[in-house]
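The values are calculated or read from the model by the stated rules, or taken from the named source; none is laboratory data. Bear in mind that the values here come from a model prediction, so they are computed numbers and not experimental data. Because the Cβ atoms are built from the backbone with ideal geometry, glycine has one as well, and the counts that use them run over all protein chains shown. Keep in mind that these areas ignore ligands, DNA and RNA; they rest on the heavy atoms of the full protein, side chains included. Shrake-Rupley method; radii C 1.70, N 1.55, O 1.52, S 1.80 Å.
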Amino acid sequence: MAGYVCLTFDFDAISVWLQRNMLTMTAISRGEYGAVAVPRILHLLKTRNIKSTWFIPGHTMETYPDLCLEIYKNGHEIALHGYAHENFNLLKPEEEWYIMQRCYDIAGELIGENPKGFRSPSWDLSSRTLDHLQKLGLLYDSSLMGNDFALYHCRKHEPISATEPFSFGAPTKIVEVPVSWSLDDYPHFEFVRMPHAIMQSSHTPAMMYANWYDDLKYMLRDFDEGVMTVTFHPQVTGRGHRFLALEKWLDLLMHEEIRFCRIDQLVEAFNRGKKLGQHRPL
Ligand SMILES: [Zn+2]
């Protein structure tokens, strides 16, 4: 059964270290490296004629405007990802709305068209975020994990009680393109020492890509036109051994019955009634 693969790149650059209040020269330089890796990734995608979706914080768009425009000119989608990689749950309502509007304007001015999608920094929406997306006329979010290969409509956030059954909110117009930490390069590879925690990971790429390949094989076997969304960070995947592994994985996927697709194009097809990710085991 045929399916789709959405390659997504979160070009956090310096913003992700700002968010963690890691402001020393070395921490900031880890973010700078992301911008070094972007042209290499663009070249790789061009050689395979693959279009993808890039979630870019406003801080990165204003710090690297030429590079972000280059991504767009290469035919990739530019979507929103906060300003300085803020955790939206820690913001006051007016701060969140201000940031959403500001980033929407920054992206629109940069690329000359309205962005259509959003991914919350660190994949944590606030209870207000969906309202903001609808007010701005965005079509989709890509931060939730309520499915794997099927797009669905986000539901309004309802208060949760430990003494009552869960209440499912009413569906909104915002389409969810689900993600997963297991389909994200960051937790597989990066070492981060934070004030109260350590993310200690430096796995070999072979293990991650073997898992991702099996996810794809399962999707193609049991789902009609499923969508597999994977998340990369240029400052992570740009490192030599990971970059070579990405090349190999893309070349392996060229032999499968899939199409690489930008998220906005799939969401528009979904909104026109296209069925995506129907479970139909043989
Ligand atoms: Zn990010």
Say whether the condition of being outside any strand (DSSP E or B), free of Cβ contacts under 8 Å to residues at least 12 places away in the same chain and over 30 Å from Pro281 (Cα atoms) is met by at least one residue in segment 144-156.
no
Would you tally the residues in segment 154-183 being charged (D, E, K, R) and either buried (at least 20 other Cβ atoms within 10 Å of the Cβ) or touching a Leu at 6+ places or on another chain (Cβ under 6 Å) (or both)?
1
I need the full set of residues from segment 107-139 which are away from the ligand (no atom under 16 Å from the Cβ) and within 12 Å of Gly58 (Cα to Cα), in order please.
Gly108, Glu109, Leu110
Kindly evaluate His203 against the criterion of being exposed (fewer than 15 other Cβ atoms within 10 Å of the Cβ), in contact with a His (Cβ under 6 Å, 6 or more places away or on another chain) and under 30 Å from Tyr33 (Cα atoms).
yes
Which of the following residues is within 15 Å of the ligand (Cβ to nearest atom) and at pLDDT 95 or above: Thr8, Thr47?
Thr8
Pairs please, first residue from segment 118-140 and in a helix (DSSP H, G or I), second anywhere and among the small types (Gly, Ala, Ser) and open to solvent by 30 Å² or more (accessible area, probe 1.4 Å), Cβ atoms under 9 Å, 6+ apart in sequence or on different chains.
none
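Residue-by-condition table, conditions (1) in a strand (DSSP E or B); (2) within 20 Å of Phe55 (Cα to Cα):
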residue	(1), (2)
Trp212	no, no
Asp215	no, no
Leu220	no, no
Thr229	yes, yes
Gln235	no, yes
Phe243	no, yes
Leu246	no, yes
Trp249	no, no
Identify, please: which residue in segment 69-82 is under 30 Å from Ser127 (Cβ atoms) and more than 12 Å from the ligand (Cβ to nearest atom) and is, among those, surrounded by the fewest Cβ atoms within 10 Å (Cβ to Cβ)?
Glu77
